[in-house]
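Below is one structure; the comments refer to it alone.
The values are calculated or read from the model by the stated rules, or taken from the named source; none is laboratory data. Everything quoted here is computed from the prediction, not taken from an experiment. Backbone-built Cβ (ideal geometry, glycine too); neighbour counts: all protein chains shown. We work out accessible area using only protein heavy atoms, side chains counted, and drop any ligands, DNA or RNA first. Shrake-Rupley method; radii C 1.70, N 1.55, O 1.52, S 1.80 Å.
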Amino acid sequence: METEERPIDLIPPAAGNSRARSMANAAEQAVLRRVAPALKHDMVVHLQAAAMLAEMLNARVERGLLNPQDLQANLGKLNRLAREAVAGCLKVINWIDCPPEESVAVHEGVRECAGLLAASFNFRGFTIVDDVASTEFEVGRRALRHLLAASLLTLADEARDTGELVIESEIGASHAVVSVRWQARPRDPDSTIPPASGTAPRQLVDWSEVQALAAAEGTEVTRTPERIAIRLPRAVVTSPLQMAPV
């Protein structure tokens, strides 16, 4: 598997290399622009549900159609939706400004990224397949999140056809390798509706900027036309908040 890949020359993350830092920031911004519609959906969906329930309750109260028991039950639902809306907003904020010291188990980080992008990729005719097994190995959440999203977007943008984007992982003693590969999906001969494709203009993720981002995060990336691998070091706990028991 390794013989088919060619290593990407990483830009050294030297403190004085302002160009490398600017390129890394540009990669982060490009990824955030591309995932913004999915983040917006996750944030708004619970708010819309809460607003609809509140309007329904208001209308029934005005008409005198709501008894105390129903009111109490619906207020409980409204409270739950409000908590979910707050959690959704906090998740969006965390995507925009994830603390550099925050870590996550590899499978959890992959799952949250794949879950966020699954619907939008399906619309384009791609299926994200999460084949990452559960593990206690933790990596930097920000690095995994941005580099995995950039890899998925890059492969989808450059794919010769729609298909599956399979996410896999290999866990070592000090590093985890998360890889994404494109594979063709058999066409259904009975289907009369062609799959959606990425023909609409979109802000592409510049791979040289992704290289700079990888270097800034202390990771390594390798790439072929149909596969991208990210080698992530084990996260080291440095923050007292992370070390404190929950």
What number of residues in region 108-127 are open to solvent by 30 Å² or more (accessible area, probe 1.4 Å), farther than 20 Å from G88 by Cβ and either touching an Asp or Glu at 6+ places or on another chain (Cβ under 8 Å) or at pLDDT 95 or above (or both)?
1
Restricting the first residue to region 7-36 and requiring it to be more than 23 Å from P225 (Cα to Cα) and modelled with pLDDT of 75 or more, which pairs with a second residue that is aromatic (F, W, Y) and open to solvent by 40 Å² or more (accessible area, probe 1.4 Å) meet a Cβ separation below 7 Å and a spacing of at least six or different chains?
none
How many residues are over 31 Å from the mean Cα position of the chain (by Cα), surrounded by 15 or more Cβ atoms within 10 Å (Cβ to Cβ) and either of a type outside the set (A, V, I, L, M) or not in a helix (DSSP H, G or I) (or both) if we restrict to region 41-84?
3
I'd like the full set of residues that are part of a strand (DSSP E or B) and open to solvent by 20 Å² or more (accessible area, probe 1.4 Å), limited to region 128-171.
I128, V129, D130, E138, G140, E164, E168, S169, E170, I171
For region 98-106, check the following and say yes or no: at least one residue is outside any loop (DSSP other than H, G, I, E, B), open to solvent by 80 Å² or more (accessible area, probe 1.4 Å) and within 18 Å of L32 (Cα to Cα).
no
Restricting to region 110-133, what's the tally of residues that are of a type in the set (G, A, S), touching a residue at least 12 places away in the same chain (Cβ under 8 Å) and under 18 Å from L155 (Cβ atoms)?
4
